[in-house]
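The values are calculated or read from the model by the stated rules, or taken from the named source; none is laboratory data. Only a predicted model underlies this, so the values are computations on that prediction, with no experimental measurement involved. Cβ placement follows ideal geometry from the backbone for every residue including glycine, while neighbour counts extend to all protein chains displayed. Calculation scope for accessible area: heavy atoms of the full protein, side chains included, ligands and nucleic acids excluded. Shrake-Rupley method; radii C 1.70, N 1.55, O 1.52, S 1.80 Å.
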Amino acid sequence: MSHRLGLMALVAGMLGASACDRGQSSGAAFAQRDSVGVTIAENVVPDRSVLATWSVRSEPDIDVGQLEGDEVYQLFRVSAAARLSDGRIVVGNGGSQELRFFDATGIFLTAVGREGKGPGEFTGLGMFGMARDSLHVFDWSLYRVSVFDQDGRFGRSYLIQVPGIAFPQAAGMLADGSWVIMSGFAFSPQKISAVVRDTSLFVRVSPEGAVVDSLGRFPTVEFFMWGDGRSTTAAARAFGKSVTTGVGASRIYVGLTEEYEILCFAPTGELTSIIRKTHSPRPVTAADIAAYKEEDLGRLVRPSFRPQMERLLADMPYPETMPAFGDLKVDAGGYLWVQEFDPPGTPVARWTVFDLQGRAVAAVETPRGLTIRQIGTDFVLGTWRDDLGVEHVRLHTLVKPSPRR
């Protein structure tokens, strides 16, 4: 990339840079410079302990989801969840293709939608976002967005119209109601026992579904193409390279996980900044591979698939090092959360938080198994499965230290 700067060449000058920002310790160094109109934000973080600590309480304040009892609390294939401005929680329940509304304590209120292709109906209920007090719900099967008010009343729908893109996937929605859409993946069935990595086009579409801007084309997820003579399977490569996105109110983040580098785009598609942090590649060990296999096999719904999956995992080529980072999320304040890529069995998920200038300011740990759906100013909302596989939507309190004076 033409904007790349050598990190090691900058370290000596960065060590004298000021790193004081809202309680951040001087143990971390930060520097910014311009490269052809793009701001390069370089972070030297010798240890997470030098960052301010934000904490997420391990026990949830609200827990929706149960194995037995009233069906409205039995969740299946949850695709999205969000907390509204009045504290209510809306859950996209893919199993019933409906939106379920709960009050601020987790008590069921109402459900809207059902399976179908008519107005306010879904066949592929996916993620959703809030814009101008409206709930925009993406249907990945119909390539359609349905718009509801905060009480669940259907207003309108529009198609995602992206010429040349097959199987469009939603990466997130901006505050103005426009969507970041990426093209689906393509596989060649002729490639057997090979690692493949397709590319995906990222575009922004208007609240009416038309293409407005393009962010560019990026490599996507590494897949292992495996065949047993009867069928071909595409499985995500364990510890493989991937692309991850984080969409905020007015910023779009794209990260390729082979290096600790995250691109920040304006809604117009212009690359405005690049965030980097020092990173030492972690080797993939035999213990890591064994733990991965155990977790992957443990997720199988049908035991009859186990022999085939065992052969696939035995044939899969494993990389020498782990990705530089995992998921990306943007909180209500516009701060970027970057998940550290930890090996299977790690008791918590670790995150590094970057401010609007790209400076690493905080370290956070979230409960293991919690898939974050929304981060507010004082809460984290996510989905979680218990030991019986029961799906839950949980809200946890987020505590930040008071700024130093």
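Residues of segment 131-146 that are open to solvent by 50 Å² or more (accessible area, probe 1.4 Å) and under 17 Å from the mean Cα position of the chain (by Cα): W140 alone.
Each residue in segment 43-85 was checked for being aromatic (F, W, Y) and either touching a Ser or Thr at 6+ places or on another chain (Cβ under 7 Å) or within 30 Å of A28 (Cα to Cα) (or both), and 1 pass.
The selection criterion, being open to solvent by 20 Å² or more (accessible area, probe 1.4 Å) and more than 25 Å from the chain's Cα centre (by Cα), does not hold for G95. Determine which member of the set S85, S55, S49, S26 is farther than 26 Å from A363 by Cα, among the small types (G, A, S) and either open to solvent by 40 Å² or more (accessible area, probe 1.4 Å) or at pLDDT below 95 (or both). The match here is S85.
Listed by position, the strands (runs of 3 or more DSSP E) enclosed by segment 175-288 that each have at least 3 residues that are open to solvent by 30 Å² or more (accessible area, probe 1.4 Å) are 194-205, 211-227, 232-236. Determine whether segment 156-171 contains at least one residue that is closer than 27 Å to H396 by Cα and touching a strand residue (DSSP E or B) at 6+ places or on another chain (Cβ under 7 Å). The answer is yes; a qualifying residue exists.
Whether any residue in segment 108-128 is within 16 Å of Q374 (Cα to Cα), surrounded by 20 or more Cβ atoms within 10 Å (Cβ to Cβ) and either at pLDDT below 95 or of a type outside the set (G, A, S) (or both) is what I want to check. Within segment 108-128, one or more residues are within 16 Å of Q374 (Cα to Cα), surrounded by 20 or more Cβ atoms within 10 Å (Cβ to Cβ) and either at pLDDT below 95 or of a type outside the set (G, A, S) (or both). What residue, among those in segment 387-401 that are outside any strand (DSSP E or B) and in contact (Cβ under 8 Å) with a residue 12 or more places away in the chain, is surrounded by the fewest Cβ atoms within 10 Å (Cβ to Cβ)? In this case the residue turns out to be L388. Within segment 319-342, restricting attention to residues that are open to solvent by less than 50 Å² (accessible area, probe 1.4 Å) and under 21 Å from V195 (Cα atoms), the residue that is nearest to the chain's Cα centre (by Cα) is G326. Against the conditions (1) in contact with a Lys or Arg (Cβ under 8 Å, 6 or more places away or on another chain); (2) assigned to a loop (DSSP other than H, G, I, E, B), D63 satisfies every one except (2).
Out of all the residues in segment 300-314, is one or more touching a Ser or Thr at 6+ places or on another chain (Cβ under 6 Å) and either open to solvent by 10 Å² or more (accessible area, probe 1.4 Å) or at pLDDT 95 or above (or both)? No: zero hits. Residues in segment 66-82 that are among the charged types (D, E, K, R) and assigned to a loop (DSSP other than H, G, I, E, B) were compared, and the one that is modelled with the lowest pLDDT is E68.
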